[in-house]
1. Find the accessible area per residue for segment 104-219; the probe is 1.4 Å, ligands and nucleic acids are left out, and the unit is Å².
2. What FRET efficiency, computed as 1/(1 + (r/R0)^6) with R0 = 25 Å and r the Cβ-Cβ distance, is obtained for THR197 and PHE163, rounded to the nearest 0.05?
3. Using R₀ = 45 Å, calculate the FRET efficiency as 1/(1 + (r/R₀)^6) where r is the Cβ-Cβ separation of LEU204 and ASN262; round to 0.05.
4. Could you sort out which of LYS164/LYS293; LYS118/LYS252; LYS100/LYS241; LYS118/LYS241; LYS241/LYS293 sit more than 22 Å apart by Cα distance in this structure?
5. Ignoring everything but the protein chains, give the 1.4 Å probe accessible area of GLU248 in square angstrom, nearest 10.
6. How large is ³J(HN,Hα) for each residue in segment 254-262, as worked out from phi by the Karplus curve 6.51 cos²θ - 1.76 cosθ + 1.60 (θ = phi - 60°), to whole Hz, x for Gly and Pro?
Amino acid sequence: MEKQEDLSYDRDQFPSSTTQTTPQRRRVFPRLVGLLGVISCLWLTLHWLPVAYPTFRISSCHQHTRPAHDELSSNGGKAATNQASTESERVPLEAHIMSKCPDARDCIRELVVPTMEKVSAKVDFKLSFIATVSNKSSDVVCMHGPGECIGDMLMLCAANLPFKPDDGSAENQTPTVRYLGFATCLISSYQDIPDRTLVEQCALEHGIDFDALNECVSQQDDDPNKPTQDGPLSGVRLLRKSARHSAELGVKTSCTVRLDENVWCVRDGGIWKDCAKQGEGSKVDVLVDEIEKLWGQRN
């Protein structure tokens with residue numbers, strides 16, 4: 001298996017698109033052995049949440065699982081959510097991924113991060129996840145197994161943890177620079193997700209509270225009918241909401257990049273596909289120019 005790359009950089013800076021190799025020294029995290037139930041681990045270890053084992057192929061990042069009779073079906077990509085801030089008129093940019101997918105790793109490092117390095121102030125960025133959820137139970141099925149569900153939840157929890165700015169103002173969610181850096185750190189070693197050592201290292205590098213992260217991922221308050229904002233922050237409820245969002249948009253391939261509510265480019269099988277601007281959309285400068293144009297039209 002090829003060596004992964006190390007993202008050793010300032011935790012308040014976006015990760016550089018040029019990285020170095022990381023030695024494979026991490027311990028392999030114990031595999032999830034429970035099916036359709038909640039398995040608790042020892043104190044100060046990552047707790048694994050109830051997920052259903054899917055049928056999957058590690059080499060593919062399409063959502064192949066057939067939906068059950070009670071599972072969500074997509075609406076052909078017609079639904080859309082206005083993510084732009086009404087106050088700042090930022091341009092919506094969204095990446096739909098699976099945390100243990102090599103295409104997602106390449107997409108984030110080659111296109112998303114370099115773009116955000118240049119125009120982050122003009123972008124309303126969001127990471128969304130592709131999984132299958134049930135309307136009648138707390139089951140979540142991830143293409144690359146239960147470990148991927150945990151990786152998805154780790155990234156979502158990191159993005160939604162409360163954050164208190166240094167100026168003492170009211171608490172807000174984690175700044176994009178921190179949670180995208182954390183997500184990039186994890187996905188650069190996607191084979192090792194959810195190894196505790198990897199998670200702790202990435203959390204430390206990007207100023208993410210590991211204990212709060214662990215509490216969110218371990219949260220057992222996972223009523224599928226309970227609004228995400230009610231009660232303690234729950235990774236499984238965040239993942240369910242995110243997966244439903246991707247399904248409503250008809251997004252099934254990791255990685256799918258959407259700009260201003262439209263598919264901009266897809267990374268699939270190690271190549272870029274269906275990219276805007278006559279296939280040039282996978283180039284950072286082309287995406288940056290389009291964001292600048294959209295920003296100028298709104299501001």
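1. 31
2. 0.55
3. According to the calculation, E is roughly 0.75.
4. The answer is LYS164/LYS293; LYS118/LYS252; LYS118/LYS241; LYS241/LYS293.
5. Probe radius 1.4 Å; accessible area of GLU248 about 90 Å².
6. Running phi through 6.51 cos²θ - 1.76 cosθ + 1.60 with θ = phi - 60° gives 9, 10, 10, 9, 10, 10, 6, 6, 10 Hz.
The values are calculated or read from the model by the stated rules, or taken from the named source; none is laboratory data. None of the values given here were measured: they were computed from a predicted structure. Here the Cβ is made from the backbone with ideal geometry for all residues, glycine too, and neighbour counts use every protein chain on show. What goes into the accessible areas is simple: the full protein's heavy atoms, side chains included, and nothing from ligands, DNA or RNA. Shrake-Rupley method; radii C 1.70, N 1.55, O 1.52, S 1.80 Å.
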